[in-house]
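Data first, discussion second: the structure below is written as structure tokens.
The values are calculated or read from the model by the stated rules, or taken from the named source; none is laboratory data. Note that the structure is predicted; figures quoted are calculated from it, not measured. Cβ placement follows ideal geometry from the backbone for every residue including glycine, while neighbour counts extend to all protein chains displayed. Areas reflect the complete protein model, heavy atoms only, side chains present, ligands, DNA and RNA absent. Shrake-Rupley method; radii C 1.70, N 1.55, O 1.52, S 1.80 Å.
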Amino acid sequence: MAQAIGERRALVDKLAAALQARVLSGELPSGTRLRQEALAAEFGVSRTPVREALRKLQASGLVDLRPNKGALVRGLSAREIRDAYEVRAALEGLAAELAAGRILHEELGVLHGAQAEFRRALEQTEAARAAGAEPDEAEIARWGRANDLFHQVIQEAAGNEVLLRQLEHLHRSFPRDLSRTVLAESSSLLQGNVAEHEAVLAAIEEHDPARARAEMLRHVRNAGRLVVLRAEQQLAQAARPA
């Protein structure tokens, strides 16, 4: 019984995360109607987990459930995204500051490995573009995983469980897929992102808490500015007459 409940919750979380990513990336713009039957067919599940996933999105403010109208995407304003990234920058900056004084040798090795993987994935992306092709989803997912690991190691090295829980909650509401979608469109933006990682890594490796915090603040704020700009562009496009 317990296993079945756990599997059901995991499925609901997976569905909610998939829909959330589409909303936040603009693939499902504000006002889009989400039909349970269509979503259940797309994901190959029954309507029950879809309904529960939509309720989770309603709790986070991304979806409105209306009588006789079903679920409508509410979306997020540029202001809401900006506010979230301000908080994320402060929290991740604190994590980097703490990690600079507490990181273990093994964790530092993992951090270097994640950064090396990030650079290799970027090189493949640039090679594809140089050949006239756009990076495929597998390439984007590869450097996305390396990026996530880089941040995760720093947060865990901070050694503060309260901070970890707050960041986990924030990332569920505003996943890193937001900035990943924007970065994937530009090699120069990706290169800047790698350089920012290098600066954070150097500060942590040199056990400089103040510099580690400042570099992480700059890194997350830059990502936030890109995501807010994209949100504003999408809103302006939606407002144009057809």
Restricting to the range 118-139, name every residue that is over 17 Å from GLY192 (Cβ atoms) and open to solvent by less than 50 Å² (accessible area, probe 1.4 Å).
ALA128, ALA133, GLU139
Name the pairs whose Cβ atoms lie under 8 Å apart, with the first residue in the range 118-142 and in contact (Cβ under 8 Å) with a residue 40 or more places away in the chain, the second of a type outside the set (A, V, I, L, M, F, W, C) and outside any helix (DSSP H, G or I), and 6 or more positions between them or separate chains?
THR125/PRO135; ARG129/PRO135
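Can you pull out every residue in the range 43-70 that is open to solvent by 40 Å² or more (accessible area, probe 1.4 Å), of a type outside the set (Asp, Glu) and in a helix (DSSP H, G or I)? Spell out how you get there, then give the answer.
At the first step, the residues of the range 43-70 found to be open to solvent by 40 Å² or more (accessible area, probe 1.4 Å) are 43-44, 46-48, 51-52, 55-56, 58-60, 64-69.
From the residues that got through so far, the ones that are of a type outside the set (Asp, Glu) too are 43-44, 46-48, 51, 55-56, 58-60, 65-69.
Listed by number, the residues that qualify are PHE43, ARG47, THR48, ARG51, ARG55, LYS56, GLN58, ALA59.
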If you check ALA114, ALA17, ALA40, which single one turns out to be in contact (Cβ under 8 Å) with a residue 12 or more places away in the chain and open to solvent by less than 20 Å² (accessible area, probe 1.4 Å)?
ALA114
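Restricting to helices (runs of 4 or more DSSP H) lying wholly in the range 94-177: which have 2 or more residues that are in contact with a helix residue (DSSP H, G or I) (Cβ under 9 Å, 6 or more places away or on another chain) and farther than 21 Å from ALA84 by Cα? Write out each step before concluding.
Numbers: elements: 105-130, 137-157, 161-173.
In the range 94-177, the matching helices (runs of 4 or more DSSP H) lie at 105-130, 137-157.
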Please count how many residues of the range 72-111 are open to solvent by 60 Å² or more (accessible area, probe 1.4 Å), closer than 24 Å to LEU190 by Cα and of a type in the set (Lys, Arg).
1
